[in-house]
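The values are calculated or read from the model by the stated rules, or taken from the named source; none is laboratory data. Please read all numbers here as calculations on a predicted model, not as lab measurements. Glycine gets a Cβ as well: all are built from the backbone with ideal geometry, and neighbour counts include every protein chain shown.
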């Protein structure tokens, strides 16, 4: 016991003198970011056809507001949420609407989407700088909603809801998530380098909406150039009413998970099933903050996305600015095709993403990467039985028991897994990453969530 | 798994120089039998054959390590059937066995071949005459283990038989004492264990709690007077070190939670000392581990990992 105490004290002292991090669990997968980290964001030419999925965010999917054959300009609203939580959808390009079709989807297999055919005869739209500082809080909130902003770091939660926390949970801190802890992905990294001033201005917009002045930007320490760029921009933009600081974080996956990030930066723990506002914090991804900047400062809705295309299976890795609705097949064609080494295509990061089985799948607002992985970047060995080594329990940042969940699911007893905390699992994949038996523990967790009752 | 095998190779090589070349033969027979039984069991039960994972090799080595160096070669073969077929695959295969397969087999052999298993101890060799025990009738040369001498004749006899007190620790630590094939060299076992710790395949919780409890309880109750026992001798004799570093912390049969592991380790240590001091056998760690094995899942049911944060407003 004394031993436990000593090691814990040592870790505590160590952490106090070094980088911010969360104490429990986490893993260190190979970062594999070097392929794209130094590549500037390039704008991909607009493809001839776009498939804009109607359900881009958490909440109710949009209903189309345009009929077939209608002509839309870039940025026009093409879908609205009539009932429930959601944000409008905008035309990524000037186009002629072809109608609603079923589109392939990485998680939902298929989903309804608006098919748009690019129409170059419609005049282009230009955005110019607006004087947002004069706008009131409600007006800014309305604009964020109207611009279709959602958490594009991955979750897809409508941003205007996050920016309007319940009055009984006073918020005092805004955290910008620039951790980008998923291997391979460098989209946020590049945006922090190339749009540091825009991100900081976006942060000032959010601070104004929330009526607070403390903004902390968390960036993993493997991006020293981004830390430097953001520190410079933050210092230039800080004032008495907006104190923006940059906080280097220890490189540890999942540092960019909302609850872990809040703990790393503020030491506060968000209770299970609660939102960050319960501990007085609002978290936005740096790319979402950039989108909020574009919406408020330029009046430009969210219909483009910076994403990383990487892996040994693609001819030319890149950080691309693409239109929402661009098909993966068009991206592959633009980047010179795949290499013979290609073994698996993953949409999203290697830890949390989903393998896809078709290239006819469109980019959504939340797509941060498409990875073309070779045989030596993945593990295709068959999984075996659980040997109860407990590594998954050690690795779980939420203190859950993935091994027990998996054993119960295998024994067709998924209904009994709530006791192991399946509903607190955010599917970071640390458990599956460390499992020596190669068990697909995240998939077991997802199955358990579907079958168990809360 | 293969790292564990590699950690078991140095004690095996040393055992050849302590007890002769037949330790290598017994270990080979045991490993080959375990692998063969594993393949046969999996074929028979219609499961995927997974002998390449190294698990059966470890069981084979550990089984050989806990039996005396002078036993007939048939014993490890029977032990392999017990360990792998009955102890592992009939219970569901790797991950589903309740008891440590190697120790289950040792207990089985001790019950079925009590004479061979309790009297085939050989005195250590001193002149690299590793072939001298080959073909000889072991009954003529067997000796008693230090723990057996301690139990029946007392500490004075141990010192008389195995050298002066200061020498005993050194000889025992190096491994030159009667005992099971792989249990005698404290040095190499500890080095192997430390390497596994360094590679983070094991944690300190079980080895430290097992050995700490053995030392503490032996010191308290193991001597002629209270607090008169010899804790160092207790750790260096019998299978304490091998059990603590390579058997009690077997992933499948030990608890996963760290608190559970500490309690489990204390239980193993306490039962070991209880059997050594009050039981019928001179050494007790085998039964101590087997008795604690089924409690692993119970302990894990009691002690849960600490969740990130509880739901607001109490449990849900």
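Here are the numbers:
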quantity: Per-region count, the stretch A:367-389, residues buried (at least 22 other Cβ atoms within 10 Å of the Cβ), more than 14 Å from chain B (Cβ to nearest Cβ) and assigned to a loop (DSSP other than H, G, I, E, B); calculated: 2
quantity: Residue in the stretch B:82-114 that is farthest from the other protein chains (Cβ to nearest Cβ), counting only those that are at positive phi and buried (at least 19 other Cβ atoms within 10 Å of the Cβ); calculated: B:93
quantity: Candidates A:347, A:307, filtered to the one that is modelled with pLDDT under 95, crowded, with 20+ Cβ neighbours inside 10 Å and touching a helix residue (DSSP H, G or I) at 6+ places or on another chain (Cβ under 9 Å); calculated: A:347
quantity: Given (1) at pLDDT 90 or above; (2) in a loop (DSSP other than H, G, I, E, B); (3) facing another protein chain (nearest Cβ under 9 Å); (4) surrounded by fewer than 21 Cβ atoms within 10 Å (Cβ to Cβ), index of the condition residue A:400 fails; calculated: (4)
quantity: Lone qualifier among B:60, B:87 - being closer than 30 Å to residue B:142 by Cβ, part of a helix (DSSP H, G or I) and at pLDDT 95 or above; calculated: B:60
quantity: Matching residues, the stretch B:230-260, being surrounded by fewer than 23 Cβ atoms within 10 Å (Cβ to Cβ), assigned to a loop (DSSP other than H, G, I, E, B), within 14 Å of chain A (Cβ to nearest Cβ) and touching a residue at least 24 places away in the same chain (Cβ under 8 Å); calculated: B:252, B:257
quantity: Residues (without any contact (Cβ under 8 Å) to a residue 12 or more places away in the chain, within 13 Å of chain A (Cβ to nearest Cβ) and closer than 21 Å to residue B:95 by Cβ) located in the stretch B:282-313; calculated: B:301
quantity: Among (1) at the interface with another protein chain (Cβ under 9 Å from one of its Cβ atoms); (2) over 20 Å from residue B:309 (Cβ atoms); (3) at pLDDT below 90, the one test that residue A:454 misses; calculated: (2)
quantity: Residues satisfying the stated conditions in the stretch A:196-237, i.e. touching a strand residue (DSSP E or B) at 6+ places or on another chain (Cβ under 9 Å) and in a loop (DSSP other than H, G, I, E, B); calculated: A:212, A:213, A:221, A:223
quantity: Filtered residues of the stretch A:420-434 (kept if more than 9 Å from chain B (Cβ to nearest Cβ) and either part of a loop (DSSP other than H, G, I, E, B) or more than 16 Å from residue B:308 (Cβ to Cβ) (or both)); calculated: A:425, A:426, A:427, A:428, A:429, A:432, A:433, A:434
quantity: Strands (runs of 3 or more DSSP E) completely within the stretch A:66-139 that count 2 or more residues being free of Cβ contacts under 8 Å to residues at least 40 places away in the same chain and closer than 20 Å to residue A:302 by Cα; calculated: A:77-80, A:95-105
quantity: Residue in the stretch A:266-284 that is surrounded by the fewest Cβ atoms within 10 Å (Cβ to Cβ), counting only those that are within 7 Å of another protein chain (Cβ to nearest Cβ) and in contact (Cβ under 8 Å) with a residue 24 or more places away in the chain; calculated: A:273
